[in-house]
Amino acid sequence: MGGSFLLFSYLLSVFASLPSFTVVKADSDLTRPSFTPINRDLYHSSDDLIEQIKSLVHRHPDKLTVETIKAGNKGYTSEITVVTYCQSRKETDDKSKFRILLSFGQHGRELITSELALRILSILSEEQFLPKMDRASLNGTLENVVIKVVPMENLNGRKLVEAGNLCERRNGRGVDLNRNWSVDWGKKEKDYDPYEENPGIAPFSEPETQIMRKIAISFDPHIWVNVHSGMEALFMPYDHKNRTPDGLPSQRMRLLLEELNNVHCHKRCMIGSGGGSVGYLAHGTATDYMHDVVRVPMSFTFEIYGDNTATLKDCFKMFNPVDHTTFKRVLNDWSAAFFTIFKLGPHQIDVHSKAAVSSMDKWVSIDEYFDGYLMGRRNRYGKKMEVLEVGMQEIRTYFRLFLLSSVLLLFMFCSRISKTGRQIVSAIPI
Ligand SMILES: [Zn+2]
């Protein structure tokens, strides 16, 4: 609505300001707007896309389940739809399965990524097929995996884009959801642009990031992929340093990315650490958190499409294919890439090694477990969300005080025992 009004005013003002031009000249200028609008023939609206996904799940209750998680604070609320694929629904929580977590649409303007999520889910449900896919071997592969798909992480930001703000990447209150995580949070580079990279008032200040963290910690995936657009690249950690991590897991990540680049990206994709390859360091990103804190053995950020010929303000064209052929090509190439991951991933990592890493090596702070716990309660009692959010800080403080007093009591108790002990010991020799 707003868009058509703007266009009307624009036409009116151009018409009024060009009285000396011939009609033909004015026409030729008017047919070329300065930016490309969303191609509604190719792209779903956010509501329609979520609706399509929900009805897809409805048609395949044996393999797919869907949940909507809501959270909010300070009068701002958000919701995230999560679809879980498992060949046998009863085994969704089976921790001996290989677990993959994929997120799409973290940045509002990158519409193509959510279309890819729908395509992947359609193939998983066997309503659509990959051109060269051997269904029998694929079914064998998928037998031992659980895949969680977040098709549209940033619904509120996406709504702003659909309302005409085509360059918006942040959430519904101006925070970049890929700068709101706790690893190296809030550090600003010299070329920091608040319009693009506002990290929020604190790590995990945003409900969307809180929900994603909760999903990641409870699901504890072996593979994480954060799907974006703007260029063609396959990134691994780190985003906040210009190097990749050391050791064997890092080499495994790189090998998988090289395979994907050769087979599906026609060797066009940039490979390496996000920070080292993209030309700037990014602080507080999801992928660095998944790698450093959740200890996901393979943590990636994929950039699936970019048009560097688009002008600066022509964001729809810069981040999304605008013609049918390219649209189809991007969805085909990248859905095939994801099915290669589903196939190769479980061979790269021993499922049980992750369990060992989780129990011995992984460290998630009390706050993080606590937030996860509260989030769970919030989902169950949706209406109490605000109250719980306000109460969260106090509960945390009480919990810390409780821990501190327990330690003090224990200390006093121990020192009393040792005094008693000393008396007994000193009594013996005499
Ligand atoms: Zn992005």
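The values are calculated or read from the model by the stated rules, or taken from the named source; none is laboratory data. Everything numeric in this text was worked out from a predicted model, so none of it was measured. Reconstructed Cβ throughout: ideal geometry from the backbone, glycine too, with neighbour counts over all protein chains shown. What goes into the accessible areas is simple: the full protein's heavy atoms, side chains included, and nothing from ligands, DNA or RNA. Shrake-Rupley method; radii C 1.70, N 1.55, O 1.52, S 1.80 Å.
Being more than 25 Å from D307 (Cα to Cα) and either within 14 Å of the ligand (Cβ to nearest atom) or at pLDDT 95 or above (or both) narrows it down to one residue among D184, D94, D176, D134; which is it?
Answer to the selection: D184.
Can you say whether N165 is more than 18 Å from H58 (Cβ to Cβ) and either in contact with a His (Cβ under 9 Å, 6 or more places away or on another chain) or assigned to a helix (DSSP H, G or I) (or both), as far as the supplied structure shows?
No.
Grab the helices (runs of 4 or more DSSP H) fully contained in the range 233-301, keeping just those with 3 or more residues being surrounded by fewer than 18 Cβ atoms within 10 Å (Cβ to Cβ).
248-263
Can you report the number of residues in the range 143-161 which are within 16 Å of the ligand (Cβ to nearest atom), within 14 Å of the chain's Cα centre (by Cα) and either open to solvent by 10 Å² or more (accessible area, probe 1.4 Å) or acidic (D, E) (or both)?
Residues meeting the conditions: 2.
Of all residues in the range 87-121, which are open to solvent by 10 Å² or more (accessible area, probe 1.4 Å) and either on the phi > 0 side of the Ramachandran plot or of a type in the set (G, A, S) (or both)?
Hits for the range 87-121 are S88, S96.
Among G164, G140, which is the only one that is away from the ligand (no atom under 16 Å from the Cβ), more than 21 Å from V227 (Cβ to Cβ) and in contact (Cβ under 8 Å) with a residue 40 or more places away in the chain?
Among G164, G140, only G164 is away from the ligand (no atom under 16 Å from the Cβ), more than 21 Å from V227 (Cβ to Cβ) and in contact (Cβ under 8 Å) with a residue 40 or more places away in the chain.
Condition check: hydroxyl-bearing (S, T, Y) and away from the ligand (no atom under 16 Å from the Cβ). Does S114 satisfy that?
In short, no.
Look through D220, D307, D246 and report the one residue that is more than 21 Å from K188 (Cβ to Cβ), within 16 Å of the ligand (Cβ to nearest atom) and either in contact with a Pro (Cβ under 9 Å, 6 or more places away or on another chain) or not aliphatic (A, V, I, L, M) (or both).
When all the criteria are applied, what remains is D307.
Since G140 meets every condition but one in (1) over 14 Å from the mean Cα position of the chain (by Cα); (2) open to solvent by less than 30 Å² (accessible area, probe 1.4 Å), which condition does it not meet?
(2)
For every residue, the table says whether it meets (1) within 22 Å of I341 (Cα to Cα); (2) assigned to a loop (DSSP other than H, G, I, E, B).
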| residue | (1), (2) |
| --- | --- |
| H44 | no, yes |
| K54 | no, no |
| K70 | no, no |
| S78 | no, no |
| H107 | no, yes |
| E115 | yes, no |
| L138 | yes, no |
| V146 | yes, no |
| M152 | yes, yes |
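Mind listing whichever residues of the range 312-335 are open to solvent by 80 Å² or more (accessible area, probe 1.4 Å) and assigned to a loop (DSSP other than H, G, I, E, B)?
The answer is L312, K313.
Return yes or no: is V14 part of a helix (DSSP H, G or I), at pLDDT 95 or above and not polar (S, T, N, Q)?
no
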